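Worksheet for the structure shown next.
Nothing in this text is a laboratory measurement; each read-out follows from the coordinates by a stated rule. Predicted model, so just to flag it, every value in this text is computed and none were measured. Glycine also receives a Cβ, built like all others from the backbone with ideal geometry; neighbour counts cover every protein chain displayed.
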Amino acid sequence: MPSRDYHESLWEAVPEGVEPALWPLRRRFLLDAVRPGDRVLDVGCGEGFFTAALLEAGAHPLGVDVAREPLRRARLRAPRAQLRLVEDGMPLPIADASFDAVWAGEVIEHVADTSGWLSELRRVLRPGGRLLLSTPAHDRLAVLALALRARAFDEHFDPRSDHLRFYTARTLRALLEDFRFEQVRIHRAGGVPGARRLMLASAVRARF
């Protein structure tokens, strides 16, 4: 199945208007890191919840996605937003150093070519710009909690899932530092202490 068709088929199973997981927490994390007037790239913008929030906060977002259906929904939610269809696995049609911040909410775990993807995000960030992302947490206690419930473990790691990568705070930090991001900060959130559901990460693009 061609990549575009695959992503469109995934969106067919997503009911329209469903609020993103842990929406208030992730929205607050993003808006706390963005200033009015900032140019922000919303990667994998989906239905445009975060793009719309960025607009309301006075930022200048561009939402991009690899499927047409979420962009159709995003145009209804945020009719003033700039939205663009991009090709999965291809360079972004965006000039170097175009953005003050890049937001990738629940995207990195779906990416096959992580190296190419991170290289592109770094390229479109200005030196000193901020990378902000969220991804499910897979620290040892969280995985242990899943392992104690066989059905939950099998569902979480279902090989038919669109989740391709599983990160711990340590592996995510090492990955971002390998791609010359500095001041990497990772905050665990959601769930209960010791078995958090989510990681919220921020990092700064090194100037050289």
For the peptides 16-28, 40-52, what is the packing order when you average, over each peptide's residues, the other Cβ atoms within 10 Å and list the highest mean first?
40-52, 16-28
Using only DSSP helix segments of four residues or longer, with each worth -39500 (n - 2.57), what per-residue ellipticity at 222 nm results for the chain after dividing by its residue count and rounding to 500?
-10000 deg cm²/dmol
Give the peptides 53-59, 164-170 in descending order of average Cβ contacts within 10 Å, highest first.
53-59, 164-170
Per GNM of the chain with C-alpha springs under 10 angstrom, the most fluctuating residue out of ARG35, ARG80, ARG197 is ARG80
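What is the antiparallel percent of DSSP beta bridges lying wholly in the chain, to the nearest 5?
Values: 15 of 34 bridges.
In the chain, DSSP labels about 45 percent of beta bridges as antiparallel.
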For the chain, the dipole about the Cα centre with charges only on Cβ (Lys and Arg +1, Asp and Glu -1), to the nearest 20 debye, works out at 780 debye
Under unit Cβ charges (Lys, Arg +1; Asp, Glu -1), what dipole magnitude, rounded to 20 debye, does the stretch 1-99 have relative to its Cα centre?
380 debye
Candidates ASP178, ASP88, ASP100, ranked by Gaussian network fluctuation over the chain, Cα under 10 Å, top entry
ASP178
